[in-house]
Amino acid sequence: MSDRDLVVRVADLNVGGDGDALLTVGLGSCVAIVLHDGSARVGGMAHVLLPSPGLSRRNDHPGKCPQTAVPALLERMAQRGASPRRITARIAGGASMFAALSPPGTVHMGERNVVASRETLRELGLPLVGEDVGADYGRTVRFRIGDGRMEISSVMHGIRIL
């Protein structure tokens, strides 16, 4: 059986069930936050752009930052039968795409996004069971909800499974 791809764009989020795959392309400094309830076969993904809502002029997209994306995912997943007690999290992305152009000691947006994502998951009691973050290259993430397989691919580094 082939999964149906549900695309998650920048600063957006989506939720699906068995037979769906959540897909986001072009993660640089952005972070993909993936939540999964394997028993209910429900999953969600956010493509987080910023580390906090205060950095945005408009807050009309809950997927823009982890503090709003994760609660929105939890709510939508619960509507499909997911239980917060069973939900695990994984993250990918947060690259420092242009680190060589920055002064030494600069904290890059990718690193800030990773820290904010981890902190939000910790505050909400969601175990972080896998991550592929940092470095200096972009990623594409495809998460198959039915079997919980998260594929992270990049041009130079192939495919990694979380």
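The values are calculated or read from the model by the stated rules, or taken from the named source; none is laboratory data. Please read all numbers here as calculations on a predicted model, not as lab measurements. All Cβ positions, even for glycine, are placed from backbone atoms using ideal geometry, and neighbour counts span all protein chains on display. Accessible surface areas use protein heavy atoms only, side chains included; no ligands, DNA or RNA. Shrake-Rupley method; radii C 1.70, N 1.55, O 1.52, S 1.80 Å.
Under the condition of being without any contact (Cβ under 8 Å) to a residue 60 or more places away in the chain and not in a helix (DSSP H, G or I), which residue from the range 107-128 is nearest to residue 71 (Cα to Cα)?
Only one residue tops the list, namely 124.
Counting only residues that are open to solvent by less than 40 Å² (accessible area, probe 1.4 Å), give me the strands (runs of 3 or more DSSP E) lying completely in the range 1-88 with at least 2 of them.
Values: elements: 4-7, 13-17, 20-27, 31-37, 42-48.
Ranges flagged: 13-17, 20-27, 31-37, 42-48.
So, in the range 129-162, of the ones that are open to solvent by 80 Å² or more (accessible area, probe 1.4 Å) and assigned to a loop (DSSP other than H, G, I, E, B), which residue ends up farthest from residue 3 (Cα to Cα)?
Ranking the candidates gives 136 first.
What number of residues in the range 47-63 are under 12 Å from the mean Cα position of the chain (by Cα) and among the small types (Gly, Ala, Ser)?
Looking only at that region, the number is 1.
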